[in-house]
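Undergrad: Dumping the structure here so I can ask a few things about it.
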Amino acid sequence: MTEDAAITLLVVDDHPVVRDGLRGMFESAPGFRVLGEASNGVEAVSLAAALDPDVILMDLRMPGGGGVDAIRELTRTGARAKVLVLTTYDTDSDTLPAIEAGATGYLLKDAPREELFTAVRAAAEGRTVLSPAVASRLVSAVRDPKPPGKEPLSAREREVLALVARGTSNREIARELFISEATVKTHLTHLYTKLGVKDRAAAVAVAYDRGILG
């Protein structure tokens with residue numbers, strides 16, 4: 001495939017190591033050309049207008065501008081690029097807004113490289129691409145929509161909630177689970193949404209009431 005015929009990409013992720021890894025992976029494979037990188041959604045929208053890539057690999061949770069807002073803006077402005085979400089999160093509160101905003105596909109970062117290459121090619125052609133886990137969740141959401149406060153907690157969210165119930169601070173939770181404080185806050189935000197509450201005390205109370213915490 002000639003360079004002119006290659007699928008052009010914009011890589012959007014707040015972690016430089018991830019961006020470097022994706023750039024290296026695609027530039028070492030025939031048929032792809034990385035035009036640029038962005039560290040947040042705002043940069044992504046600006047660079048998409050300037051570079052006009054075929055496909056945008058979009059992370060979702062990024063300081064300075066999230067992926068879903070960027071997807072909405074790209075859709076609103078009629079950008080030609082197809083957006084393929086590439087993230088570590090597969091909860092309903094992540095997948096549904098991204099798809100509704102206009103993402104062409106949704107993959108998790110643990111996808112094998114050949115699966116990612118295939119997904120980018122499909123996205124460039126306008127075909128929808130979903131990881132099996134995400135596809136299953138979307139089908140379940142359509143068949144059995146859950147009202148706010150009824151979505152089950154993930155294993156990690158349960159771990160965070162159990163530590164919250166013991167009075168552990170965000171910093172201590174981060175240290176104990178070997179994650180960043182920002183990630184702790186993200187898990188808290190998600191479990192608040194799932195439990196239909198607004199703070200730590202209410203989350204613990206509802207969790208005990210529902211038997212999530214015994």
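Let's see how each residue does on (1) within 15 Å of Arg113 (Cβ to Cβ); (2) touching a residue at least 40 places away in the same chain (Cβ under 8 Å); (3) exposed (fewer than 13 other Cβ atoms within 10 Å of the Cβ):
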site: Leu9; (1), (2), (3): yes, yes, no
site: Val12; (1), (2), (3): no, yes, no
site: Gly24; (1), (2), (3): yes, no, yes
site: Ala29; (1), (2), (3): yes, yes, no
site: Leu35; (1), (2), (3): no, no, no
site: Asn40; (1), (2), (3): no, no, no
site: Glu43; (1), (2), (3): no, no, no
site: Ile56; (1), (2), (3): no, yes, no
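Undergrad: Also, I was wondering about something else. Helices (runs of 4 or more DSSP H) wholly in region 1-114 with at least 3 residues that are closer than 24 Å to Lys194 by Cα and out of contact with any Lys or Arg (no Cβ under 8 Å at 6 or more places or on another chain) - which ones? Lay out the reasoning, then the answer.
TA: Working: elements: 16-27, 41-51, 67-76, 92-101.
Here the list reads 67-76, 92-101.
Undergrad: Determine whether region 80-89 contains at least one residue that is within 19 Å of Thr118 (Cα to Cα), β-branched (Val, Ile, Thr) and out of contact with any helix residue (DSSP H, G or I) (no Cβ under 8 Å at 6 or more places or on another chain).
TA: yes
Undergrad: Let me ask something else. Being touching a helix residue (DSSP H, G or I) at 6+ places or on another chain (Cβ under 8 Å), open to solvent by 30 Å² or more (accessible area, probe 1.4 Å), part of a helix (DSSP H, G or I) and within 21 Å of Gly66 (Cα to Cα), is that true of even one residue in region 165-175?
TA: Looking through region 165-175, none of the residues is touching a helix residue (DSSP H, G or I) at 6+ places or on another chain (Cβ under 8 Å), open to solvent by 30 Å² or more (accessible area, probe 1.4 Å), part of a helix (DSSP H, G or I) and within 21 Å of Gly66 (Cα to Cα).
Undergrad: Then there's this: Just give me the residues in region 92-129 being of a type in the set (Val, Ile, Thr), out of contact with any helix residue (DSSP H, G or I) (no Cβ under 6 Å at 6 or more places or on another chain) and open to solvent by less than 40 Å² (accessible area, probe 1.4 Å), in sequence order.
TA: Val120
Undergrad: Out of curiosity, is Thr87 buried (at least 16 other Cβ atoms within 10 Å of the Cβ) and closer than 16 Å to Val18 by Cβ? Talk me through it step by step, then tell me what you get.
TA: On the way: buried (at least 16 other Cβ atoms within 10 Å of the Cβ): yes; closer than 16 Å to Val18 by Cβ: yes.
In short, yes.
Undergrad: Return the residues of region 187-204 that are surrounded by fewer than 16 Cβ atoms within 10 Å (Cβ to Cβ) and assigned to a helix (DSSP H, G or I); say none if nothing qualifies. Working first, answer last.
TA: We begin by selecting, within region 187-204, every residue surrounded by fewer than 16 Cβ atoms within 10 Å (Cβ to Cβ); these are 189, 196, 198-199, 201-202.
Those that are surrounded by fewer than 16 Cβ atoms within 10 Å (Cβ to Cβ) and assigned to a helix (DSSP H, G or I): Thr189, Ala201, Ala202.
The values are calculated or read from the model by the stated rules, or taken from the named source; none is laboratory data. Small disclaimer: the values here were computed from a predicted structure and weren't measured. Note: ideal-geometry Cβ built from the backbone for every residue, glycine included; neighbour counts use all protein chains shown. Note: accessible area is taken over every heavy atom of the protein model, side chains too, but ligands, DNA and RNA are not part of it. Shrake-Rupley method; radii C 1.70, N 1.55, O 1.52, S 1.80 Å.
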